[in-house]
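Taking it in order: structure first as structure tokens, then the write-up.
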Amino acid sequence: MLTVDSLSYRHAHADSEALKGVSFSLGPGESLLLAGRSGSGKSTLLSILAGLHPHFLKGDLRGRALLDGVFAGQGGVAEWGKGARLMLQNPEAQFFAGTVGEEISLTLRCRGVTGPGAEAITSERLGALGLTALRDHSVFKLSEGQKQKAVLAALTALRPKLLLLDEPSANLDPVFLGELKSVLQKLRHEGLALIVADHRLHWLSGLCERLLVLEDGKVALEGPFECLGDGERLRRLGLRSPEPPLPGRLPPPPGFVAPTDGWAARVENLHFAYPGGRELFGGLDLALAGGEVTALTGPSGRGKTTLARLLCGLEKPLRGTVSHGGKPASLELGQVVLQNADHQLYMPTVLGEVTLALGQGSRGPRDVAMGILEAFGLAALSGRHPQSLSGGEKQRLVVAVGLARPTRLLALDEPTSGLDGHNLRLMGSQIREAAKKGPAVLVVTHDLELVNLCADRQLELPGH
Amino acid sequence: MKAKTLSWREAWNGRGLFETRELVTIGLFSAAAKAASLTLALVGGGMNPLTLVLKSAVQSALVVVLLAKVPKTGTLTLSNAVGMLLSFLLMGQHVISLPAVLLGTVAVEALAWLAGGLARRPWLAIPMVAASELVVRLINVGVSYLGVREQPGLLAMVIVVSAFSYLGILLGLAGGVKMAKELRHAGLIQD
Amino acid sequence: MRALSRIEGLRGASRLDLRAETRLLMTVAASVSSLAISEPQALALLLSFSALYAVIEIKPKTLLIAYLFMGVMCAVALFCVWAMGFVFPIMRNSPMSMAISPFLRLGVTMNAILPLALNSRLTDLATALGRLRLPGIVRLPLMVTIRFIPTILNDLVQLREAVGIRFRGRKGFLFWLRRPLTWWRVFFQPLIVRLIRSADELAMAAELKGLEPGTDFGRAPRPFSARDRATMLLAALAVALSGLTQIVVGSAF
């Protein structure tokens, strides 16, 4: 069905090729895992297979990709898109209509399907993906998992032959990941071929029977899913482990403790709910010790990020107290690094970013800043514009900035979402190093691989 | 190969003039201008002179960066058209000023095209935004005069507000030019 | 976002359940006719009709808040004119009967815009503009604008919070007043970067979806109802009657 033969691609304005002679084939109902470290060419390959060249991607393409004998991109993106559809990493970027039902109708309208036929397809897809109750729901109010399902419903409305998924697991918790896996299994049984590009590999076991690993644009490994093998090969290819991480091995942090100054952060009888929302915490007791890394895990929407915000003084408890060494929680004593790195980088250079943090608006000492960058493996990039860094480098920079000033508590919100195995291991070791300097480190995460890499304790918030 | 002839409907919808990606970019920048304006008004109060200056500065800087990202004749006109239509839909701004503003912006774009066009002379973005925003304000004052012609004293308020916001436009031009340069340096805007 | 949910609370189920085109045409008619008419009697007639439309379409509490707000704005404006009269005596010469015309005009426009802004979904309005032959080249960016304003508002909230964290809660007015260039950099630069990245991502998503300049994002409209037709007919009558009053009263003076 799909034949990719010696495919090479060079982006416009680029010096080197992003893809170098990639070849593989895929039959109906088959599925392939596309792995590789960040920048290895996975997204470029998916974009070409989605037909975005030459209309959208204007670089130089050699070789060929054929779907049932038709060249990729032939007849424009829309025409090719009847056969192959691409789900981007951020599902929200793919919504143009207001509600779930309208989104599917809009997709159909864009392909010329209207009237009762469109209505029937919309109802069928909503039913198939378990979204019937959400038909008139605003797309803004969906959870991450529901957004993924809504996008899948729209993408599969016209029964394509090939579905391409770019980093579908990046923002999903283990529960939604399981749901996504069963939805994809179901689509495979409908005869759809899948190509999944992802850094998290463990959830794809049993879904993708084959894998293709890219390294610097070339095929580095091809074979059955099980061929990934031992740790050394994974490390060399910059991949995460294909083995499911073992949950629940770590002790929880202490609950009620005596009111001494020895704890970096203490939570006593915490009650909290957002206005008009359900109660997230009803009498929580918690103590975090300096020098320890505590992982905060649990299903989406259960209040993990809210607890981190409460611990840093960004939210005020309805009842109870949150304190740092006996003083009320505040941003003077606790530091939080938010999920979106782009929102936290302001200066024209990487060095300037750290000196700003050190000097509170004026210029901080350069040698101290360079020392911090050195510790995070960013010294060689000190003169670069922060926005020109890769995702992993940006994540490390915002953590470095968070640690630039002394703090009793450092809270990190999903620091490894979208990171490859190499960057995951680097981030894990740097979180451990950060804790050695004294603060209590709280890591809010869905990523159980990170928990296993760096946490001393784990607090699992239960589902509702 | 024979060029495909556009149907009247395709021509009216502007097919061939702009690519979908360019239209999406124009829409997104207009959304940012409106969202920033709403946020500043909510934080600082709608009629606060400082808010007026800041709102306009952000607006003109966004347009300068947009013109660096989509350096085409027609970008400014489309951006202004979207902004004005949205003002009409959200706040009932007098619909009568819309055609006048569009004509004014088209005239500014025509002059810029005669001077070599944005793609060849990116610096033209500065006089283009300065001139089109001046036209917008003059037309708004004119339309406001029609609304308060029996009590022209009320026009003084409109003139003061327009003057403050134009000051913001001029300040924002400098910020926008600097930001466009930096984005080119970071590789986020291609030459 | 909290302010937006407050606005959400002002919305109410429309009793007339009009099509977006009807509300658009009502607003255009109010805007153009109120500018064309100048006699207070004619404007008062127009105001009465438009107030009837607003009372039927808008929640009483919302209407009351809007009228109170307009009253305060008018009082401030009149005070300014009165104060300016001491500097420019010519400003004290307008007869009071004529001085109320601008405020009547404001009332007419407000009565027409409230149902449009509060009872219509923006996507329906933009789709309606398409049916009123707005070119697709304007409609596509307008649709994108409408769709992404809430997303960007949410981004701005996050941005404000990130700045608050970096500057350890010093978000106060005076702190930033002393550092205007830092303010510009920390708020504007991340916003622009986010926009540029989103623009590329969205453009790709739009291409993949097959969106084109003529594509409508909104729901398919229901047919024009008897209420739509009656509302437009009454509006036309109101405009004609006010125009007639303008001619009659104008020639009497």
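Rule-based calculations on the coordinates, nothing more; no lab input. What you are looking at is a predicted structure, and each value in this text was computed from that prediction instead of being measured. Here the Cβ is made from the backbone with ideal geometry for all residues, glycine too, and neighbour counts use every protein chain on show.
Amide H contacts for residue A:32 (H built 1.01 Å from N in the peptide plane; partners 5 or more residues away or on another chain; cut-off under 5 Å): A:194, A:195, A:196. Taking 0.36 nm per residue of sequence separation and removing the Cα-Cα distance, the residue A:318/residue A:190 pair yields an extension gain of 41.1 nm. Within the straight-line cut-off of under 13 Å between alpha carbons, the aspartates and glutamates reachable from residue A:186 are A:30, sequence neighbours fewer than 8 places apart in one chain being disregarded. Please say if region B:64-191 is rounded, prolate or oblate, where rounded means a/c under 1.5 for a ≥ b ≥ c the square roots of the C-alpha gyration tensor eigenvalues, and otherwise the choice is prolate for a/b larger than b/c and oblate otherwise? Cα axes put region B:64-191 in the prolate bin. Between residue A:14 and residue A:349, the C-beta separation translates, for a Förster distance of 25 Å, into a calculated FRET efficiency of about 0.60. About its Cα centre, chain A has a charge dipole of approximately 360 debye under the convention of +1 per Lys or Arg Cβ and -1 per Asp or Glu Cβ, with nothing else charged. Averaging 1/r over every pair of different alpha carbons in region B:1-137 and inverting the result gives a Kirkwood radius of 16.1 Å.
Residues in region A:53-70 carry Karplus couplings, in order, of 9, x, 5, 9, 8, 9, x, 9, 10, 10, x, 8, 10, 10, 10, 6, x, 9 Hz; the curve used is 6.51 cos²θ - 1.76 cosθ + 1.60 with θ = phi - 60°, and Gly or Pro positions show x.
Listed by chain and number, the aspartates and glutamates placed with their C-alpha closer than 16 angstrom to that of residue A:327 are A:261, A:268, A:315; residues fewer than eight positions away on the same chain are left out.
Taking other C-beta atoms within 10 angstrom as a stand-in for reagent exposure, A:437, A:316 fall in the order A:316, A:437, fewest first. At q = 0.24 Å⁻¹ the log10 of I(q)/I(0) for region A:76-116 amounts to -0.97, computed by Debye summation with a single uniform scatterer per C-alpha, solvent ignored.
Dipole orientation for region A:321-464: of the candidates A:458, A:352, A:441, A:352 has the Cα lying most toward the positive pole (charges on Cβ; Lys, Arg +1; Asp, Glu -1).
The modelled label-to-label distance between residue B:130 and residue A:437, using points 7 Å beyond Cα along the C-beta direction, is 4.7 nm. Shape of region A:325-418 from its Cα gyration tensor (a ≥ b ≥ c, root eigenvalues): rounded if a/c is under 1.5, otherwise prolate when a/b > b/c, or oblate? In terms of gyration-tensor shape, oblate. Karplus-derived 3J(HN,Hα) values for region B:67-74, using 6.51 cos²θ - 1.76 cosθ + 1.60 with θ = phi - 60°, are 5, 6, 7, 10, x, 10, 5, x Hz; glycine and proline are entered as x. The ranking of C:178, C:160 from fewest to most other beta carbons within 10 Å of each one's beta carbon is C:178, C:160. Within the same chain, aspartates and glutamates fewer than 8 places from residue A:20 are excluded, and of the rest, those with a Cα less than 14 Å from its Cα are A:5, A:60, A:215, A:216.
The convex hull drawn around the Cα atoms of the protein assembly as shown, when projected onto a plane and averaged over every direction, covers 40.3 nm².
Once the Cα-Cα distance is subtracted from the 0.36 nm per residue extended length, the residue C:224 to residue C:178 segment shows a gain of 10.9 nm. The base-10 log of I(q)/I(0) for region A:364-455, evaluated at q = 0.13, 0.16 Å⁻¹, reads -0.41, -0.63 [Debye formula, identical scatterers on Cα atoms, solvent excluded]. The relative contact order of chain A comes to 16 percent, based on Cα pairs under 8 Å that sit 6 or more residues apart. Would region A:169-243 count as rounded, prolate or oblate if I go by the C-alpha gyration tensor, calling it rounded below 1.5 in a/c and otherwise prolate when a/b exceeds b/c, oblate otherwise? Since a/c reaches 1.5 and a/b is larger than b/c, the shape of region A:169-243 is classed as prolate.
For residue A:325, the residues whose modelled amide H falls within less than 5 Å of its own, excluding neighbours fewer than 5 places apart on the same chain, are A:265, A:266.
Computed from label points 7 Å out along Cα-Cβ, the spacing between residue B:119 and residue A:141 is 4.6 nm.
Counting only alpha carbon atoms, the long axis of helix B:75-91 and the longest principal axis of chain B meet at about 40°. Structure shown: which of A:141/B:55; A:58/B:72; A:304/A:394 lie over 21 Å apart, alpha-carbon to alpha-carbon? The pairs that break the limit, which is 21 Å between Cα atoms, are A:141/B:55; A:304/A:394. A cut-off of 5 Å between modelled amide H atoms, ignoring neighbours fewer than 5 places along the same chain, links residue A:221 with A:213. Looking at region A:203-281, the trypsin sites (Lys or Arg not before Pro) that sit in a DSSP loop and have at most 11 other Cβ atoms within 10 Å of their own Cβ are A:249, A:278.
Expressed to the nearest 5 percent, the antiparallel share of DSSP beta bridges inside the protein assembly as shown is 50 percent. Shielding value for B:34-41 is 5, the average number of Cβ atoms from other chains within 10 Å of each residue's Cβ.
For region B:18-185, the dipole from Cβ point charges (+1 on Lys and Arg, -1 on Asp and Glu) about the Cα centre works out to 380 debye, to the nearest 20. Once C-alpha pairs closer than 8 Å and six or more residues apart are averaged by separation and normalised to the residue number of region B:18-185, the relative contact order reads 34 percent. In sequence order, region C:197-208 has phi-based couplings of 5, 4, 4, 5, 5, 5, 4, 5, 4, 5, 4, 5 Hz under the Karplus curve 6.51 cos²θ - 1.76 cosθ + 1.60, θ = phi - 60°, and Gly or Pro positions carry x. Given the pairs A:181/A:436; A:149/C:209; A:42/A:181, which are separated by over 28 angstrom at their Cα positions? Where the Cα-Cα span goes over 28 Å, the pairs concerned are A:181/A:436. Relative to the dominant Cα principal axis of chain A, helix A:350-359 is inclined by about 30°. Using the Cβ-Cβ distance between residue A:79 and residue C:161 with R0 = 41 Å, the FRET efficiency computed as 1/(1 + (r/R0)^6) comes to roughly 0.40. The tail of the calculated P(r) for chain A beyond 28 Å holds 56 percent of all Cα-Cα pairs. Given points 7 Å out from each Cα along the Cα-Cβ axis, report the residue B:8 to residue A:256 separation in nanometres with one decimal. Result: 8.2 nm between the two label points.
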